[in-house]
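Here, each number is a calculation from the coordinates, and none is a lab measurement. All of these numbers come straight from a predicted model, not from anything done at the bench. Here Cβ is always computed from backbone atoms with ideal geometry, including for glycine, and neighbour counts include all displayed protein chains.
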Amino acid sequence: MYVWTKEYNNKASNQPKYNSPYISLEEYNQIKLGMSYSQVVSIIGGKGDAVTEYGDTKIYIWKAESRSGMENVAMTFVNGVLKSKMKG
C-alpha cells in the first residue's frame, strides 16, 4: 500500500511528497521522542505492526526501506507518546 500525503517537500514546491509505508533513514531521523503515535504514522506514511502490548505500553515495528541500511525499526509508546526508538 502506498500513501500520498498532503505534505509538501518544502513550501516553495507544489509537488506532493510521496510517502511509502516503509520507514526510511530520513524519516527515522525526523522522529523525536515525545511525539504522538499519530505524528509518527504521519511521518512514515503507514501504521506499525503492534508486537507487544502491556497496559499503557505498546511496541510497534516498521519495516525499513531496503536501501536505508536498516532492517526494521521498533518504537515504544507509553500512553500514545514515543518513549524509545531503535533501528536494526
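Going through segment 33-88 one residue at a time, which ones are among the aromatic types (F, W, Y) and part of a helix (DSSP H, G or I)?
Y37
Taking only pairs six or more apart or across chains, which ones have beta-carbon atoms under 8 Å, a first residue in segment 66-83 that is touching a residue at least 24 places away in the same chain (Cβ under 8 Å) and among the aliphatic types (A, V, I, L, M), and a second residue that is in a loop (DSSP other than H, G, I, E, B) and crowded, with 16+ Cβ neighbours inside 10 Å?
Note: pairs meeting the criteria are M75/I31; M75/G48; V81/M35; L82/I31; L82/M35.
Which residue is nearest to P21 (Cα to Cα), if the candidates are limited to segment 31-88 and must be aliphatic (A, V, I, L, M) and touching a helix residue (DSSP H, G or I) at 6+ places or on another chain (Cβ under 7 Å)?
I44
Could you please let me know if Y60 is exposed (fewer than 11 other Cβ atoms within 10 Å of the Cβ) and of a type in the set (F, W, Y)? Outline the logic, then answer.
Working: exposed (fewer than 11 other Cβ atoms within 10 Å of the Cβ): no; of a type in the set (F, W, Y): yes.
So Y60 does not fit the description; no.
Taking only pairs six or more apart or across chains, which ones have beta-carbon atoms under 7 Å, a first residue in segment 52-64 that is under 11 Å from F77 (Cβ atoms), and a second residue that is not in a strand (DSSP E or B)?
Every condition considered, the pairs that remain are D56/N79; Y60/G48.
For segment 19-33, what are the residues that are free of Cβ contacts under 8 Å to residues at least 40 places away in the same chain and in contact with an Asp or Glu (Cβ under 8 Å, 6 or more places away or on another chain)?
N19
Which members of segment 28-50 meet the condition of being in contact with a Ser or Thr (Cβ under 9 Å, 6 or more places away or on another chain) and closer than 16 Å to E65 by Cα?
Scanning segment 28-50 gives Y28, I44, G45, G46.
Take segment 16-32 and flag every residue that is among the basic types (K, R) and outside any strand (DSSP E or B).
Residue satisfying the conditions is K32 alone.
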